[in-house]
Structures are given as C-alpha cells and as structure tokens.
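Colleague: Sharing a structure here in structure tokens format.
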Amino acid sequence: MPHSPDAPRTSLFRKYFLALFAAVALPLLIAGGSEAWFGYHDQRARLNDLLDAEARGAAAKIQDFMEGIRDQLGWMVQLPWSENTDERRRLDALRLLRQVPAVVSLRLIDAAGKERLFVSRIGLNRVESGEDHSANPAVAGARSGRVWFGPVTFYGGSEPFMTVSVAGNRSAVGVAVAEVNLKFIWDVISAIRVGRTGEAFVLDQPGRLVAHPDISLVLRADEAATQPLQALRAAILARPGQAITGQDIARNSVLAAMAPIPGVDWSVIVKQPVTEAFRRINAALWRTGVLLIAGTVLAAVLAYWLTQRMVGPIRLLEEGVAQIGAGQFDHRISLGTGDEFERLATRFNEMAAELAVSQERSERISRLRRFLAPQVAELVDRTGDDSVLDGRRVEVVVVFCDLRGFTAFSAQAEPETVMGVLGEYYGAIEAVVSVHGATLMGFSGDGAMVLVNAPVSCPDPALRAVSMASDMQMSVQKHLVGWRTRGHQLGFGVGLAMGPATVGRIGSEGRLDYAAIGNVTNLASRLCASARDSEILIDRAAARAVGSSVPLVELDPRSLKGFDQPVPVFAVVFGIGH
Amino acid sequence: MRFMPSVCAGAAGRMRRRDFVALAGAAMAWTLPARAQQSAMPIIGYLGSESPGPYASRLRAFRDGLAEAGFVEGRNLAIEYRWAEGQYRQLPALATDLVNRQVTVIVAPGGAEVALAAKSATTTIPIVFEMGGDPIALGVVDSLSRPGGNLTGVSSLSVEVSRKRLEFMHELLPTARSFAVAVNPTSPTSSSQMKNLQAAADSLGLELHVLTASAEQEFDGMFRAVSQTQAGGLVFSSDPYFAYRSQRLAVLAAQHAVPAVTQSRDFPIAGGLMSYGGDFEQSHRHAGNYAGRIIKGEKPSDLPVQRVTKVEMFINLKAAGALRLSFPPSLLSSADGVIE
C-alpha cells in the first residue's frame, strides 16, 4: 500500500457545497428581498391612495350634508319681505323642519335685522316678534358671505349643535338662521366604511369631535379623550397627502388619512386598523419569507445532492487510483454516472488494464534478456513488442563452440580455477556475440550456442556468423595462451551451419526458452564437435553464402553422426593479416 | 345550557306572585345557580312599569337595539322581566328583586319613576334608563356627557315638547280661548310641565283648565270635565302612565267627542286625534344598544346620556272628521304620520 497523500487543506465537498448553495440561494434571496421591498412600497402607496380617496369621499358626503341644509335654507330667502304676516312663508318654514330633521329651529330675519318668523320643534313658534337680530353674528356673517357656518357648540355639554345662516341675493330677502343638530351627521358618518372595520370621524377646527360612528364619543364632548385624534390630525397635517400611522381613542394603532371640509373648516379623518390595512402586505411578506426559507432549504438540499454527486465519484476515483497505484492492476473503478466522471473512470480502467499488460510484457522481456543479445533485448524492450519471438521458420546460421580438453581439465583443476576459466571464457564469448548482434542461446558447460538471423534478422547472416566465429577464435585463443602458461591444456573449436530452422519461444510461463529446431542445429553441433583447436568448420550452405569474401578451405567430406552421407566441410582461414 | 333561561324565567314568574320579603331567603338561594349561569349567559333585568301588552312595541325596539350590539334573547342573553302592572309603588321592590337576582344590567324604561326606583335599588349594577324628561332636572344623573355612577340611558324630548301640543291644539282650534290640560300629579315631571304649559298658554293668550288623573278610573271623569269646562280640547302632559293607556284614552276621547292630543303615536293610531312627542322606537332601541354595550364591558359612566331629538307628529284625519274638524295646512304638512 503506498503512503496516502496528506489530508487536503479544504475539502472539495465544502467548496462545491458553498459555491452551489450560494449560486442558488443568493439570487433567490436577492430576488425575494427586492420583491418584498418593492411590494411593500407599492402596497403602501396603494394604501395611501385608497385612504386618501376614502377621506375625500367622506369629506364630500359630509359636505353634501351641510350643503343640503344650506340649499334648503336658500329656499327661504328668495322673496322679499312685505309688511304683512306672510302665512305662506310660515308654511314653507314648517315644511323645511319636516324635510330636514337636523334643523331644530329656523329663524327668518328681514332686511332690517328684525325677526319675522321663528319655528321650532321644541319651543313655541313665533310670528312677527320683531326681535332685533342685526347684531347676531349669524346674520352679519351671512350678509357678508352669503353663507355662514357658526362654531360648534355642545348643548348641555353633550350634543353638538351649529348655527347655519344663509342670506339671499338681495338684502330685501333677509337671512335664514337655522340651529342644526350635528348628531344627524351620524347617519352619514356611520355609513362610511373604510375597508372592513375602518371608519371615519370629523373634527372641527379647534379639534373637537363633531361626528364619529360611536355617537357616545361625540356626546361625551371630552376634549381630553379626543387628544389622540387631534394628535393624529396634527401628524397628518405635518405630512400632507400621506396616510400616517397613529393611535385612535382606544389607543389602537391605525392608518389614517385626512381631507378638509371647506366652508365649515372641519377635517374628515378616515382610519383603518393597522393590522387590517397592512394585512395584505404582511401576508405577502410572510409568504415571501416562507418561500425564501423554503427556497434556501431547497438550495441547500440541491447543493448537497449535486456536491455529493460530484465529490462521490471523485472519491471513488481517488480510491481506485490509489489501488491501481498500489499495483492492483486488476482493480476496476465502477462509475455509472454517465458523464465525464464515468469516462474518466473508464480511462483509469483502461490505463490499469494497459499497465497490467505492460507489466506482464516487461516481466516477459526481462526473462528474454537472458538469451537475447542486448541490442535485441533493447529493441524488444523499446518497442514493447515481443512478436519477434513468435515461432516461425527462418533461414538461420547456428554457431556452436566449445573448449578442447575441458573434461580432463575440470577433473584435475580446482573448482575455483575451473570457474575462473569458465568465467573468462563466458565473458569473451558474450562480448563477441554482443558485438556481432547475434543471439546467445545459452551456455552448456564449456559449450555455447549462438544464433544469427533470429529472432532479429540481419543482412548477410552467414558472413556475420563467420566473422563472429573468427573473432571468437581470436578472443579465446588469446585467453588460451594465458591458460596454457598456467598449465591448462585447453583448445577451442567452432562449427557453424546455415539452413532453415523453426525458431521461437518454447516453454511455459515460468520456464521460457528460445530455441532453433532443425537439421541445421544438429549439423552445426556436429561440425563443432569435429573441429579441432583453432579451427572453424562451416557447411556448404554457409560457405556458399559467404562466397569469396572470406578465404575458405574446402576439406574432405566428413561422416558425421546423424548424417547418412559424408558432409562437405569448409574451414575458415582466419587470423591472416592479424 | 339552552334550557336554563326558561327554568329561570319560570322561577321569576313564580316569584313575582309571592311576597318578596317572605321569599328573601329563597331568593338568596336562587342566586347560586344564577351566579353559576352568569358566566355563561348575561342576564338583563327588565323593569317595566306596566304589563307586557302595552310594552310590546317598546320591547320590539329594545330587542332591535340589543341585536345591534350583537345580543339575542335566549341565544346569548337572558332577560328577566319584572312588571309593575301600573302599580308604580311596586317599582322599588321589583328593582330590589332584580338586584338580588344579581342581573348583569338593569334596564329601566318608561319614565323617571322606573329609573329612580332602579337607582335607589343599587349603586353597583349598571342601569340603563329610558325616559321622556330631562334626566338632570329629575335628579337621575348629574351630567348628560358624563353621567357618572352606574346609570346612563336615553331621554326623549317628550316632556319638553308638551307646550308644542298646546300650540298645535291652538292652531287646530284657533277660536277656542281655553284648553284643558291632563296632568298625572304623581309624575315627577308634572310640576315642570305645568309651568311650561302655563308659560306657553300665556304667550298664546290662552286659558288652561288643569285636570288631574293618576289612575285609570279617573280618566272617564276627566273627559267629562272637559265638556263641562267648555274647553276647546284636552292637552295631555307627557307621562308614561298616559302613554301606555293610549288605547283607553282614544276610546274615551271618541266617546266624549273631545279633541285631544297626547305624546304617543299610539293614540292617533288607536283613533285619537293627534300626538306629538319623542320617537319611543328610537329611544328604546338606543336603550337596548346601551344595555348590549354595557354587557360587552363598557362602563355606564363612559356612555353619555343620549337625547332622542326626533319629535314626531301623528294626526288622524278620521278622528278629525268625527269631531267635525279639519287640520290646517301647517299641521298637515308638519305631520310625520297621517292616519286616514
């Protein structure tokens, strides 16, 4: 098991989770937040408009009420007064009382300011009393401005009353002065509904409650109790055209807007409980909040899932790579994500498979090195292709060589000496074979077998084999000189033959050999056995292939074991010129 | 819980017929289940000066007012009735009875006597009165806007407008120089009304004959006296005792062929000539509304006394025809209701 890498400083899981979560949650929060913000402001503006419209509507209704009374009074001041009692006018006055319930009494004043007629629901009617009313502010007010609305007075400290006087278009028609019971505005004010539970009320100029759906508040005529309403009006006046939040008499939070009633100089204020007015806004805010929370949770779940999907395969890949790295090339990463991860896993699996093949091959090649010339081994190693070792039939040159008198030497000499001689001998042979790019098939005691033109083919194999044999002779003869001085009576002979042979790997996975099977091997071996010291014997095929490039001497055909006919033999003349 | 009100109503009926003092102990015993019930359903103690019959139209208006405040008798409210059957001396005892029953609120409609009887019976249980007179002058409350204490209610203008009745009579019979006035001497408003009427007679240049009646048996003699005094007609002062006996008065007026005017529209509807007075439907409705609001938790001292400002005139053309009278245009055009 290879050492596991250090734990990462930050986990990919955390990074991806945060990134994905932020990618989903942030836009959601920004969108939701801005939606809530703008929604709130839109709704607030809509409420503003709504309450403003309600206030103006309510003001118009109250104004209609007042103008209705004014118009009725206008009928009474259309004809000039005569000196005599005007019965018709008395009937008109009585009819006015009948028609306008809010008018409690009506007084008609002529051009001279004298009372000509007084009718009342409660008091006795009077005709031509002649009472002087020219100093009455109602009369003076109507004369200067056609219509005069007096201040609100509270009868018995409770019931709101007001004097309304109307003058005709000429002074001769006089003035009509009416006492109006303002309690009758209740019919108007109680009919006004703002939203579901919102209502309207009327304050006069000094801030006294003139009309309210709860008539008892008006009748209480308690200026201290109406303080919150005055505060409300002051707050609205401070920010004209805006609906504001404040408190009503019961100290409930309300949203209120105001409209003035011209003429009487009153204010109509409409109010709606804040909870009701903002119910839709609050509901929307709640909705948005819940959606945002749900969205955020969803984003977290989604981010977790996606991250898991991404990091899971990565961990699987990491483990797999670790296993493969540990040499378990048969390990396979199984990923079915259908995306790049799966492709990556497939790549890793392919890599592992190729690594396994490559390892097997390199093991095989290392085994081949034993008998392949280094160049060949290198070639096979480099190409990674050992198909050259596959079995085939090819024209080869087989070279055999061995030492003469080795058996007697090995019997007499010390094992160290034998091994030392053999070591030098092997070294010399290996060096020569290597130089000539031949294949050393192996040593067998003092004998060695070398193959030329297999497994790697080369040009002019016969010549190369002959030249190699010459080099072998020269190299070994040099050693022989040394050994002889030490008293070892040894010689060296070489035989080679050329011909077709079946070459290739033989053997099991554990014990693999490269072999050349055919008559030519046998012939080369026999020629070697028949060669004397310092002699190189070659067969006819090799001699023919060499031609004249190497001096040869044809010897008498020899009878060789395993061959029915005597075999033509040639000896290589070497060392000439050396 | 639904059977409870009927059980209690039955108990109340039984108790009414017995001597109160003898049953004081029993009444105390009754308060136990009554208290237990109180938490579930509020009880109104309704103190009536007459019997349910004459009160029927008033009760209807009263229940309308309760409904405005969200209460319906038998569903979320029980009403215990105590009727004086015209025996106004019984009122204090009946009021005390209601107090002992620990009702949630006492409703005392139909005049100052009823209100004063309730007022003297308790200073804690809220009382809603209904009357035609001025509650301040009658000593029921100190102020209209801030009644204080445990009383509030509704007042109509019936008492104040009794002089208008004389004026209308004068308008109908401009040649008559004298009129008879019917007064109930036991009524707490009788003296103020007499003063009022006398002042009006003086300014109209009329002579008044005062006739008194405080019991039904005296009515006949009163009408007979009108014919004897050569008075042009009979003007009734405002008094609940008269108002609740409009039927009888209408019959007697027709019998004696006396032109008469009372405060209640019941009179011309029953065949009398004319009426001018406060709208009792409004006043009783407001009283119901106030009772409901008090049950809901409002304090009577926070509820100002309401004045019913509507004064209505009803005339009966048939009665006028029988008396060989015709209403002048001023009266015809002023009338809120004309019975033909």
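The values are calculated or read from the model by the stated rules, or taken from the named source; none is laboratory data. As the structure is a prediction and not an experimental result, all values here were calculated from the model. Virtual Cβ from ideal backbone geometry, glycine too; neighbours counted across all protein chains shown. For the accessible areas, the whole protein counts, side chains as well, though only heavy atoms, and no ligand, DNA or RNA atoms are used. Shrake-Rupley method; radii C 1.70, N 1.55, O 1.52, S 1.80 Å.
Colleague: Which of the residues that make up the range A:549-572 are of a type in the set (A, V, I, L, M) and assigned to a strand (DSSP E or B)? Step through it out loud before you land on a result.
Modeller: So in the range A:549-572, the residues of a type in the set (A, V, I, L, M) come out as A:550, A:552-553, A:555, A:560, A:567, A:569, A:571-572.
A:552, A:553, A:555, A:567, A:569, A:571, A:572 - these are the residues of the range A:549-572 that are of a type in the set (A, V, I, L, M) and assigned to a strand (DSSP E or B).
Okay, residues lined up against (1) in a helix (DSSP H, G or I); (2) over 60 Å from the mean Cα position of the chain (by Cα):
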position: A:59; (1), (2): yes, no
position: A:62; (1), (2): yes, yes
position: A:67; (1), (2): yes, yes
position: A:71; (1), (2): yes, yes
position: A:90; (1), (2): yes, yes
position: A:101; (1), (2): no, yes
position: A:107; (1), (2): no, yes
position: A:111; (1), (2): no, yes
position: A:119; (1), (2): no, yes
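Residue by residue, here is whether (1) open to solvent by less than 10 Å² (accessible area, probe 1.4 Å); (2) within 24 Å of the chain's Cα centre (by Cα); (3) among the acidic types (Asp, Glu) holds:
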| residue | (1), (2), (3) |
| --- | --- |
| B:254 | no, yes, no |
| B:284 | yes, yes, no |
| B:288 | yes, yes, no |
| B:301 | no, yes, no |
| B:317 | no, no, no |
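Colleague: Another question, then. Within the range B:291-311, track down each residue that is more than 8 Å from chain A (Cβ to nearest Cβ) and touching a Gly at 6+ places or on another chain (Cβ under 7 Å).
Modeller: Those that are more than 8 Å from chain A (Cβ to nearest Cβ) and touching a Gly at 6+ places or on another chain (Cβ under 7 Å): B:292, B:301, B:308.
Colleague: Which pairs turn up if I take residues in the range A:59-77 that are in contact (Cβ under 8 Å) with a residue 24 or more places away in the chain and look for partners that are among the hydroxyl-bearing types (Ser, Thr, Tyr) with beta carbon separation below 8 Å, at least 6 apart in sequence or on another chain?
Modeller: From the range A:59-77, the pairs are A:73/A:165.
Colleague: Please indicate, with yes or no, whether at least one residue in the range A:100-118 is more than 11 Å from chain B (Cβ to nearest Cβ), open to solvent by 60 Å² or more (accessible area, probe 1.4 Å) and over 21 Å from residue B:310 (Cβ atoms).
Modeller: Yes: the range A:100-118 contains one or more residues that are more than 11 Å from chain B (Cβ to nearest Cβ), open to solvent by 60 Å² or more (accessible area, probe 1.4 Å) and over 21 Å from residue B:310 (Cβ atoms).
Colleague: While we're on this one: Among the listed residues A:168, A:130, which satisfies the condition of being in contact (Cβ under 8 Å) with a residue 12 or more places away in the chain and either within 23 Å of residue A:67 (Cβ to Cβ) or within 14 Å of chain B (Cβ to nearest Cβ) (or both)? Even if it seems obvious, please write down each step before you answer.
Modeller: On the way: A:130 fails: either within 23 Å of residue A:67 (Cβ to Cβ) or within 14 Å of chain B (Cβ to nearest Cβ) (or both).
Result: A:168 is the single residue among A:168, A:130 that is in contact (Cβ under 8 Å) with a residue 12 or more places away in the chain and either within 23 Å of residue A:67 (Cβ to Cβ) or within 14 Å of chain B (Cβ to nearest Cβ) (or both).
Colleague: Right, something else. Look at residue A:176 and say whether it is of a type in the set (A, V, I, L, M, F, W, C), more than 14 Å from chain B (Cβ to nearest Cβ) and buried (at least 22 other Cβ atoms within 10 Å of the Cβ).
Modeller: Working: of a type in the set (A, V, I, L, M, F, W, C): yes; more than 14 Å from chain B (Cβ to nearest Cβ): yes; buried (at least 22 other Cβ atoms within 10 Å of the Cβ): yes.
Answer is yes for this residue.
Colleague: What number of residues within the range B:138-166 are at the interface with chain A (Cβ under 10 Å from one of its Cβ atoms), open to solvent by less than 10 Å² (accessible area, probe 1.4 Å) and charged (D, E, K, R)?
Modeller: Here the count works out to 1.
Colleague: Taking the range B:167-188 as the search range and keeping residues that are in a loop (DSSP other than H, G, I, E, B) and surrounded by fewer than 18 Cβ atoms within 10 Å (Cβ to Cβ), which one is nearest to the other protein chains (Cβ to nearest Cβ)? So that I can check it myself, show each step before the final result.
Modeller: Taking the range B:167-188 as the starting set, the residues that turn out to be in a loop (DSSP other than H, G, I, E, B) are B:173-177, B:184-188.
Within this subset, residues satisfying the condition of being surrounded by fewer than 18 Cβ atoms within 10 Å (Cβ to Cβ) are B:173-177, B:185-186.
On the way: B:173: 16, B:174: 12, B:175: 17, B:176: 17, B:177: 17, B:185: 24, B:186: 25 Å.
Here the answer is B:174.
Colleague: Okay, next question. Residues that are over 22 Å from residue B:113 (Cβ atoms), at least 3 per element: which helices (runs of 4 or more DSSP H) completely within the range B:217-307 meet that?
Modeller: Numbers: elements: B:217-228, B:240-243, B:246-256, B:266-269, B:280-295.
Helices (runs of 4 or more DSSP H) meeting the threshold: B:217-228, B:246-256, B:280-295.
Colleague: A follow-up question, please. Looking at this structure, is residue B:129 away from chain A (no Cβ under 14 Å), within 14 Å of the chain's Cα centre (by Cα), surrounded by 18 or more Cβ atoms within 10 Å (Cβ to Cβ) and not in a helix (DSSP H, G or I)?
Modeller: Taking the combined requirement at face value, the residue satisfies it.
Colleague: Does the range A:302-344 hold any residues that are small (Gly, Ala, Ser) and in a helix (DSSP H, G or I), and which are they?
Modeller: Residues of the range A:302-344 that are small (Gly, Ala, Ser), as a first pass: A:303, A:312, A:320, A:322, A:325-327, A:334, A:336, A:338.
Scanning the range A:302-344 gives A:303, A:312, A:320, A:322, A:325.
Colleague: So, one more: Inspect the range A:80-94 for any residue being crowded, with 16+ Cβ neighbours inside 10 Å and within 24 Å of residue A:159 (Cβ to Cβ) and give the result as yes or no. First the steps, then the outcome.
Modeller: First, pick out the residues of the range A:80-94 that are crowded, with 16+ Cβ neighbours inside 10 Å: A:81, A:86, A:89-94.
Okay, now just the ones that are also within 24 Å of residue A:159 (Cβ to Cβ), so A:93-94.
There is at least one residue in the range A:80-94 that is crowded, with 16+ Cβ neighbours inside 10 Å and within 24 Å of residue A:159 (Cβ to Cβ).
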